[in-house]
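Step one of this worksheet: look at the structure below.
Values quoted throughout were computed directly from the atomic coordinates according to the rules given, and no laboratory measurement underlies them. Please read these numbers as outputs of a predicted model, since none were measured by experiment. Cβ coordinates were reconstructed from backbone atoms using ideal geometry, including for glycine residues, and neighbour counts include every protein chain displayed.
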Amino acid sequence: MSRGAALWRWFRPRQRPADGRRGPKQYLVLRGRCVLDHALAALLGHPAIRGAVVAVAADDLRWRDCEHAREPRVRWVTGGAERCHSS
């Protein structure tokens with residue numbers, strides 16, 4: 001088994017949209033947690049980090065299912081039309 005195949009088997013999408021796509025990578029599940037939760041846990045676990053700001057699309061409500069959705073140190077904001085417009 002290739003390394004990529006071995007890593008891929010840990011990814012499990014929470015939901016598959018009707019058109020068959022897997023959806024945004026930040027919501028793919030890796031070892032029981034979505035990728036976004038892994039990233040936030042690593043950031044917030046560092047003593048020098050006091051908080052994080054996560055920009056999501058206006059129509060993206062999936063972030064509400066994340067473990068860190070109600071974490072007081074995480075601020076959720078609506079992102080811009082393109083990544084470079086989010087601040």
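The trypsin sites (Lys or Arg not before Pro) of the stretch 54-87 meeting both criteria, a DSSP state outside H, G, I, E and B (loop) and at most 13 other C-beta atoms within 10 angstrom of the site's C-beta, are ARG70, ARG73.
Using every pair of distinct Cα positions in the stretch 20-87, the Kirkwood expression returns a hydrodynamic radius of 12.9 angstrom. Under a 5 Å amide H cut-off, with hydrogens placed 1.01 Å from N, GLY79 pairs with VAL56, ALA57, ALA58 among residues at least 5 apart or on other chains.
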